[in-house]
1. Identify the single condition in (1) in a loop (DSSP other than H, G, I, E, B); (2) farther than 24 Å from residue 90 by Cα that residue 155 does not satisfy, given that it satisfies every other one.
2. I need the strands (runs of 3 or more DSSP E) fully contained in segment 189-286, keeping only those with at least 3 residues that are away from the ligand (no atom under 16 Å from the Cβ) and either farther than 21 Å from residue 43 by Cα or among the β-branched types (Val, Ile, Thr) (or both).
3. Just name the residue that is nearest to residue 196 (Cα to Cα) out of those in segment 304-323 that are outside any loop (DSSP other than H, G, I, E, B), within 12 Å of the ligand (Cβ to nearest atom) and of a type outside the set (A, V, I, L, M, F, W, C).
4. Is it the case that some residue within segment 49-59 is assigned to a helix (DSSP H, G or I) and at pLDDT below 90?
5. Restrict the check to segment 129-140 and report whether at least one residue is in contact (Cβ under 8 Å) with a residue 40 or more places away in the chain, of a type in the set (A, V, I, L, M) and surrounded by fewer than 19 Cβ atoms within 10 Å (Cβ to Cβ).
6. Find the residue count for segment 127-152, including only residues that are of a type outside the set (D, E, K, R) and in a loop (DSSP other than H, G, I, E, B).
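The values are calculated or read from the model by the stated rules, or taken from the named source; none is laboratory data. Predicted model only: the values in this text are computed from it and were never measured. Here the Cβ positions follow ideal geometry from the backbone for every residue, glycine too, while neighbour counts run over all protein chains shown.
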Amino acid sequence: MDRREFIQYSSMMAGAALIARVAPAEARENHAKIPHRPQPFRKTAAPGGQFAVVTPNGSTLPWNIVDGVKVGHLIAESIDHEFAPGLRAQCWGYNGSTPGPTIEAVEGDHLRIYVSNRLPEPTTVHWHGVIVPNGMDGVSGLNQRPIGVGETFMYEFTVRYPGTFMYHSHFDEMTQIALGMAGMFIVHPRRPRGPHVDRDFVMMTHEWRLNVGARRPDSNEMKDFNILTFNSRSFPGTDPLVVGRGERIRIRFGNLSPMDHHPIHIHGLSFMLTATDGGYIQKTAQIPETTVLIPTGSTRVIEFVPEVVGDWAMHCHMTHHIMTQMGHGIPQMIGADTRKLDQRMQRIMPEYMTMGTTGMGGMGEMEMPIPPNSLPMRGGQGPFSYIDMGGMFTVLKVRDNPDAADPNGWYKHPAGTVVGPADPARMQTDGVVPPIQQS
Ligand SMILES: [Cu+2]
């Protein structure tokens, strides 16, 4: 870091220390408890007792049945979207949300989907992975003329194959997808395949660039994304997934991020990769994993039976994808000797202390003031202390009685099952000598 940047950084931190002293209450407000909405009660949605999919933080497109045809209506429009409490932006989506409502159908259904365009520019909808007549595929210029501002087009097709698909704009893709014009498209098989699944979740991953203070994500960004989301929500704004021990759980991931793939890791279990947007994987070819890579423009379906109750982390394993806005572009300070600087600064600001010299842990929870409409660098409050992950992070809550469980509640550990400071007497018995602390 050059001298000018260093002074800039230090004064930013100094300013932070100063304001933190003045307004701790407001700062705390930004880390307020997140009200998690309960997941809708499971209902069967397809033949063979197949349960409806649940889109955490999202919804499912309602159908009108007209002469045996499932009729739906997507409205492409600008929306005021909340990524997490404290951060809103003007995004584009469908029917008031991003991702748009999950489309859920059954193999063989005949669908008629109206698309109305309330955006300031044309649009189309492409049914990603769904095999449709060529003129219904939605690629602007290639398969249709774009849907003009204020127009409504009618897509109509039969869903011939079951699977986990997506839908998204195929006009001005870079802008419209980056602003949130995407959704999941699930087709249940007419006859259930494989073991019966008790809960079926839909999680769309996405990435955004939202400059601090801006009201609209920057759709021109190519590589430096600072809001990472499951179903367009960033932790601590993500709903947890509440499941039962011994139940068979399916999670269908999709990725329409502009540029990045997301390796999604789940703690406390291993799962099988059972399908992609190209179809089902033969049982003998399924792969056991604890992390599944969701390439952009793809879906990946996993199934598992959790054996161990508890609160298990589920997150993208790219460490910059579990950070939020304020965690980027900060100079490396670890090991810097700032005593002289601190002394000088303290003459004018007695509380001044340069931060980050021992690492960045806990910085998300410090009562540093953050600009209005922004997220701290990471994290949210956990049952023990601050959770140092934000962004593409949520919690899989495995319970013995999931339907009665409080989605806001944390797992209550049986006595003696939580790690803590070692007993010196036991250490001595075990021959463990504590290292001398370096200062
Ligand atoms: Cu990621």
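1. (1)
2. 271-276
3. Among those that are outside any loop (DSSP other than H, G, I, E, B), within 12 Å of the ligand (Cβ to nearest atom) and of a type outside the set (A, V, I, L, M, F, W, C), it is 315.
4. Looking through segment 49-59, none of the residues is assigned to a helix (DSSP H, G or I) and at pLDDT below 90.
5. No, every residue in segment 129-140 fails to be in contact (Cβ under 8 Å) with a residue 40 or more places away in the chain, of a type in the set (A, V, I, L, M) and surrounded by fewer than 19 Cβ atoms within 10 Å (Cβ to Cβ).
6. Of the residues in segment 127-152, 14 are of a type outside the set (D, E, K, R) and in a loop (DSSP other than H, G, I, E, B).
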